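Shown next, in structure tokens, is the structure this report addresses.
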Amino acid sequence: MDRRTFLKITATSAAINIASRDTSLAGTNAHAKVIPIADGSAAEDEKYWSLVRDEFPISREVLYFNNGTMGPSPRIVTDRVTQRIIHVDSTGDYGGDYEGIKSAVARVINAKSGDDIAFTHNVSEAISIVSSGIELKAGDEVLLTNQEHAGNAIPWLARKNRDGIAIKFVPLTNEKWEPYSDDEFLQRIKDAITPRTRAISMPHLTCTTGHILPIKRISQLAREHGIWMLADGAHPPGMLLTDVQDLGVHAYASCGHKWLCGPKGIGFLYIAPDFREHVIPTWTGGEADKYWGYDARLDFMTTASKYDFATQNFALFDGLHAAIDYQESIGLDKIEQRVLHLTTMLRNGLKELAPGHFHFLTPPNSMSGLTTIKLEHMDYKEFFNKMWEKRKVRTRVVPEGGLEASRFSVHIYTSEDDVASFLEVAKATLA
């Protein structure tokens, strides 16, 4: 397929999609929308993925290997956000199809329905809803790992400061930074659980090394002990197929600005029906209520909407919907295949690159878009700076947990040539 045909077909698809959702914007052009891939070798079809890359405005001068921090949006997303802002400013119509967007989010993570989804600004806010609203008292315990993003650690530590709960950090690795197996890690969680343990809050995939934790088994263990289970899901949605029902978590916090490549400043919280009655809204307002009156009565919504409130920037929600539409048009399974293909290429190239200069911190059986290495003969910050100076390679340093490591991430806009160029720069830098 040539680019002209690609854009003609996909622009038509996008226009139909917009019109079906919002007739007020049907006359605007949302650029292009990728059509599904039919053949089975899609992960290695560089012609197709080069068309996808063309939809992202990332500078060609930059080798962007830091999607794990911020996922650039395709033009269809930024166009859609801009259109909504213009529409609101020209008409005063600031509402929109919240339920439709929640249903789209529910599809991405396989929640039962949009009723289980609350909108937030980011993962940290979603975690804060749970950490501040859950029923806890002084002496109650919450288990975390020793490789948390600040967004999962700080909300719980703030609750500790406020109410005197206890926080336990369960280690993910031994003293040599070697990751524990799933069985070993499960045993360490079992050893940490006491009659005072009330909640477990851990990353589905660590921001530090890309270690995919056995969340399903941890959830089963938590339920056996009557413990609430929250997963920090900042990374999997939009990169790996995600199924919150299969995971069995009580809550799952994620965002639109990483692997979903949506607008910056929007996130979401999946919260199961059997958990909602145990998480009291601590920040709230209009739209969270089923009833309030001057009889001093307040009844919250029974859906996850009890955690939504007040006027929001609907352009961001609309942009998230466009991002999900875009990824679904490619195919979430195809995206996962592409990401794993590029990661395999990156890891194999690193193995051949400079033996003895570093070792992998990402477990070999934990494949995702994130790869983390620990350098042996160079400071990790120096490596970060030199990679940028040599070729404007954007990576991420990993100071969390004392790892002092380097992290690289690939996504659907990354090409095989990008990976090859990255490896060349890394080799020159290490040399």
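Is it true that some residue in segment 83-95 is buried (at least 24 other Cβ atoms within 10 Å of the Cβ) and not assigned by TED's automatic domain parsing to the domain that holds Leu241? Yes; the residues of segment 83-95 include at least one that is buried (at least 24 other Cβ atoms within 10 Å of the Cβ) and not assigned by TED's automatic domain parsing to the domain that holds Leu241. Residue pairs whose Cβ atoms lie under 6 Å apart, sitting 6 or more positions apart in sequence or on different chains, and linking a residue in segment 380-397 that is over 18 Å from Met70 (Cα atoms) to a partner that is part of a helix (DSSP H, G or I) and hydroxyl-bearing (Ser, Thr, Tyr), are Lys386/Thr429; Met387/Thr429.
Are any of the residues in segment 269-283 crowded, with 24+ Cβ neighbours inside 10 Å and either within 22 Å of Val339 (Cα to Cα) or of a type in the set (S, T, N, Q) (or both)? Taking every residue of segment 269-283 in turn, none turns out to be crowded, with 24+ Cβ neighbours inside 10 Å and either within 22 Å of Val339 (Cα to Cα) or of a type in the set (S, T, N, Q) (or both).
Looking at segment 309-357, which of the residues that are among the acidic types (Asp, Glu) and crowded, with 18+ Cβ neighbours inside 10 Å is nearest to the chain's Cα centre (by Cα)? Within segment 309-357, the match that is nearest to the chain's Cα centre (by Cα) is Glu336.
Condition first: acidic (Asp, Glu) and within 13 Å of the chain's Cα centre (by Cα). Now tell me which residues in segment 218-272 satisfy that. Selection gives Asp232 alone. Filter segment 358-380 down to residues that are under 17 Å from the mean Cα position of the chain (by Cα) and not in a strand (DSSP E or B) and give me whichever is farthest from Leu332 (Cα to Cα). The selected residue is Ser366. Pick from segment 215-241 the residues that are out of contact with any His (no Cβ under 8 Å at 6 or more places or on another chain) and outside any helix (DSSP H, G or I): which of them is surrounded by the most Cβ atoms within 10 Å (Cβ to Cβ)? Going through the qualifying residues, I end up with Gly238. When Phe300 is tested against (1) in contact with a Pro (Cβ under 7 Å, 6 or more places away or on another chain); (2) within 30 Å of Arg53 (Cβ to Cβ), only condition (2) is not met.
Surrounded by fewer than 13 Cβ atoms within 10 Å (Cβ to Cβ) and modelled with pLDDT under 95: does that describe Ser41? So Ser41 passes the test. Between Phe309, Phe383, Phe317, which is out of contact with any His (no Cβ under 7 Å at 6 or more places or on another chain), assigned to a loop (DSSP other than H, G, I, E, B) and among the hydrophobic types (A, V, I, L, M, F, W, C)? The unique qualifying residue is Phe309. In segment 408-422, the qualifying residues are those that are of a type in the set (Gly, Ala, Ser) and touching a strand residue (DSSP E or B) at 6+ places or on another chain (Cβ under 9 Å), and the one that is farthest from Arg394 (Cα to Cα) is Ser421.
Counting the residues of segment 176-212 that are exposed (fewer than 13 other Cβ atoms within 10 Å of the Cβ) and within 24 Å of Arg396 (Cβ to Cβ) gives 2.
The values are calculated or read from the model by the stated rules, or taken from the named source; none is laboratory data. As the structure is a computational prediction, the values presented were derived from the model and not from experiment. Cβ: placed from backbone, ideal geometry, glycine included. Neighbour counts: every protein chain shown.
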